[in-house]
1. Residue pairs, Cβ under 6 Å, 6 or more apart or interchain, first in the range 202-224 and touching a residue at least 60 places away in the same chain (Cβ under 8 Å), second surrounded by 22 or more Cβ atoms within 10 Å (Cβ to Cβ) and small (Gly, Ala, Ser). List them.
2. Can you tell me how many residues in the range 51-80 are at pLDDT 95 or above and assigned to a loop (DSSP other than H, G, I, E, B)?
3. Out of curiosity, is Val166 within 18 Å of the chain's Cα centre (by Cα) and farther than 22 Å from Leu7 by Cα?
4. If you go through the range 171-201, how many residues are of a type outside the set (Ser, Thr, Tyr), surrounded by fewer than 21 Cβ atoms within 10 Å (Cβ to Cβ) and in contact (Cβ under 8 Å) with a residue 40 or more places away in the chain?
5. Specify the residue that is surrounded by the fewest Cβ atoms within 10 Å (Cβ to Cβ); the eligible residues are those in the range 117-167 that are closer than 27 Å to Asp334 by Cα and free of Cβ contacts under 8 Å to residues at least 12 places away in the same chain.
6. Are there helices (runs of 4 or more DSSP H) fully within the range 291-409 with at least 2 residues that are touching a helix residue (DSSP H, G or I) at 6+ places or on another chain (Cβ under 8 Å) and not polar (S, T, N, Q)? List them.
7. Hand me the list of helices (runs of 4 or more DSSP H) wholly inside the range 177-287 holding 3 or more residues that are in contact with a strand residue (DSSP E or B) (Cβ under 7 Å, 6 or more places away or on another chain).
8. Just a yes or no: is a residue in the range 52-60 more than 21 Å from Tyr122 (Cα to Cα), surrounded by 16 or more Cβ atoms within 10 Å (Cβ to Cβ), among the acidic types (Asp, Glu) and outside the structural domain of Ala361 (by TED's automatic domain parsing)?
Amino acid sequence: MVRFEYLTERRTPLAVVGLGYVGLPLAVAFSRHVDVIGFDINENRLAQLRQGHDNTREVSPEELASAGINYTSEPARLKEAGVIIVAVPTPIDEHRSPDLRPVVNASLTVGKNLSKDAVVVYESTVYPGLTEEVCVPLLERESGMRLGDGFTVGYSPERINPGDKVHTLSTITKIVSGSDKDTADLLERLYGTVVTAGIYRASSIKVAEAAKVIENTQRDLNIALMNELAVLFGRMGIDTSEVLEAAGSKWNFLPFRPGLVGGHCIGVDPYYLTFKAGELGLHPEVILAGRRINDGMGKYVAEAAVKRLIRRGCMVSGARVGILGFTFKENVPDLRNTRVVDVARELADYGITVLVSDALADPREALAEYGQEILPLEQLRGLDALILAVPHREYTLLLPEQIKDWFARPGKAILLDVKAFFDPAAMRAAGFDYWRL
């Protein structure tokens, strides 16, 4: 197995496969201590990085310029590496089953270009057992070597929170695990060079895999509870935000909030766990119940808009409804698994003209992935209702009177605030028919 000193003395490089939200910050951090090969199959992404631009906004131009990463799309370059970290996405397919193609293809590529004594580390979120049951056999087949006799593997789950500049790679405790003690020792030391918050050493790869997948499952279930409560309180005429603020005065109340649950983690990871459960003949009820609730919130928001249009005497078919924000969360340009699209499609089913604007989203990506046109903010005019779906910080500058000018009938302006972003008193004082989840 490669020695730690070979890496830190820059005699043997480290490779990161997949330079997205997870892989790029990792490659940049490691480049301060070891030589790094940054591998990605997306040539456009590599070209942007070479020019010093990260369109995910996770790494600044200054950080990129000082990183000195060797970017490449040539698989053969991986043969130089003593440690190869796989940080590719693990999405779900249209049937909500794990789509293992990215991690399988990465394993095939790594296996074909694996040097003797190298260590392969997976950071992608997977179900317990996938590293050893799916990835290792591929590495063995393609490399012609055996695990423990030619190469070893580790698992260190990513914990990146896109758009969060407080909880970053270095400030979040890192879980590490290895196929043997020496590999775990190496990874503990290696990740310890870039993570100041500390290293947690799991007893096995399966434990580390399970720990990662339940982190987001737990959050998903807590948000589902808040969403269910929001629907209940809405029926009762009670403001959910006020209830949560009151309950939050107790020290042990967890500060979760209702909302649309998308993205590549919370809205995806529970399905990896339920998929594995199905293989074992188990049918998890609580996890899937939480998913059903959260997956239905886009329809609930759209229906809330339709009901308010009707109450205001507006014809639903042909109405113009604007949506502010289309990415999966605030202050990031990431469109993966955004659930705002559920709102837009549900409104369109009612014959409503939907106009979407987003301060950060790539219009070309939105059109290619969802068939959704992203308009400049100045084109959200002649509206009958407006939905604030994603509270990008750019929208903090919007004033009530300014927003009111976007409406065809300012005296009947309907504003639905999914994230309780605006001051309800100020909006109502300005004459809005204001609703929040």
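The values are calculated or read from the model by the stated rules, or taken from the named source; none is laboratory data. These figures come from a predicted structure and were not determined experimentally. No Cβ is skipped: glycine too gets one built from the backbone with ideal geometry, and neighbour counts run over all protein chains shown.
1. Filtered contacts from the range 202-224: Ile205/Ser177; Asp220/Gly290; Leu221/Gly290; Ala224/Gly290.
2. 3
3. yes
4. 3
5. Restricting to residues being closer than 27 Å to Asp334 by Cα and free of Cβ contacts under 8 Å to residues at least 12 places away in the same chain, the top hit is Val166.
6. Numbers: elements: 297-311, 340-349, 363-370, 400-404.
Fully inside the range 291-409 and qualifying: 297-311, 340-349, 400-404.
7. Hits in the range 177-287: 181-192, 205-236, 269-279.
8. Yes, the conditions are met somewhere in the range 52-60.
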